[in-house]
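Here's the structure, in structure tokens; my notes come after.
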Amino acid sequence: MSIRVGGVDDAAAVAALHAESWGVAYAGIVPDEALGAGLLAERQALWEIRLGVDYGEPANTPRLLVAESAPGSLVGFAYLVPQPDGRLLLDNLHVRPGLTGAGIGGELLRAAREWAGVAHPGAALYLEVLRENRRAVAFYERAGGVRTDERWAVFPGGFELPEYEYTWA
């Protein structure tokens, strides 16, 4: 497996993996309509925008890290977004369903932390995870994340679910 910096050419593959991952990880957690037929199209539009925008200064530019088992064979990704408060949001960390537990997520998290340390020295890295996503919560705790907040995530469509924030210094 290799990890590389992703870009606009990865939008379709990232969107497909993102939708697939949501469908598995959030089944029974989020309302069924949030995982329905429009999910892939919504993720495609999201990633085309995210990866096609010019964010200006490098300090403001998000970073996509793509894990591949072979060139063009996406097995996971992480997306980091600099925040106005000086922290870095690990906005997405997804591994292809069926490959979780194989170390891909750990390698992506390691690569994300390495990039954060070089590109944003001293900035805390944090993420938000749904409380009921127990597998992900356990993974982040094993990976040394410290729970730093609890709140409600607000989703398009108006539903809210409890979430945790985990931080790495």
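Could you please give the count of residues in the stretch 76-124 that are under 19 Å from SER21 (Cα atoms), part of a helix (DSSP H, G or I) and among the charged types (D, E, K, R)?
Adding up the residues that qualify gives 1.
When the stretch 130-169 is examined, which residues are found to be more than 22 Å from LEU108 (Cβ to Cβ) and assigned to a strand (DSSP E or B)?
ASP149, GLU150, ARG151, TRP152, VAL154, GLU160, LEU161, PRO162
If I filter the stretch 42-62 for residues that are touching a Ser or Thr at 6+ places or on another chain (Cβ under 8 Å) and without any contact (Cβ under 8 Å) to a residue 24 or more places away in the chain, do I get at least one hit?
So far as the stretch 42-62 goes, yes, one or more of its residues are touching a Ser or Thr at 6+ places or on another chain (Cβ under 8 Å) and without any contact (Cβ under 8 Å) to a residue 24 or more places away in the chain.
Residues are listed down the side, and each one gets a yes or a no for (1) at pLDDT 90 or above; (2) charged (D, E, K, R); (3) surrounded by 12 or more Cβ atoms within 10 Å (Cβ to Cβ):
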site: ALA19; (1), (2), (3): yes, no, yes
site: ALA27; (1), (2), (3): no, no, no
site: ALA37; (1), (2), (3): no, no, no
site: LEU46; (1), (2), (3): yes, no, yes
site: GLY52; (1), (2), (3): yes, no, no
site: TYR55; (1), (2), (3): yes, no, yes
site: VAL66; (1), (2), (3): yes, no, yes
site: LEU80; (1), (2), (3): yes, no, yes
site: GLN83; (1), (2), (3): yes, no, yes
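Suppose the filter is of a type in the set (A, V, I, L, M) and under 14 Å from TYR166 (Cβ atoms); does ALA123 pass it?
Against the criterion (of a type in the set (A, V, I, L, M) and under 14 Å from TYR166 (Cβ atoms)), ALA123 does not qualify.
Considering the stretch 1-44 alone, what residues qualify as being among the polar types (S, T, N, Q) and under 25 Å from TYR55 (Cα atoms)?
Going residue by residue through the stretch 1-44, those that are among the polar types (S, T, N, Q) are 2, 21, 44.
Within the stretch 1-44, GLN44 is the sole residue that qualifies.
Can you run down the residue pairs with Cβ atoms below 9 Å, 6 or more apart or on separate chains, where the first is in the stretch 106-127 and under 16 Å from ASN60 (Cβ atoms) and in contact (Cβ under 8 Å) with a residue 60 or more places away in the chain and the partner is crowded, with 18+ Cβ neighbours inside 10 Å and among the basic types (Lys, Arg)?
From residues that are under 16 Å from ASN60 (Cβ atoms) and in contact (Cβ under 8 Å) with a residue 60 or more places away in the chain, the pairs are ALA119/ARG63.
The values are calculated or read from the model by the stated rules, or taken from the named source; none is laboratory data. Because the structure is a prediction, the values reported are computed rather than measured. Cβ coordinates were reconstructed from backbone atoms using ideal geometry, including for glycine residues, and neighbour counts include every protein chain displayed.
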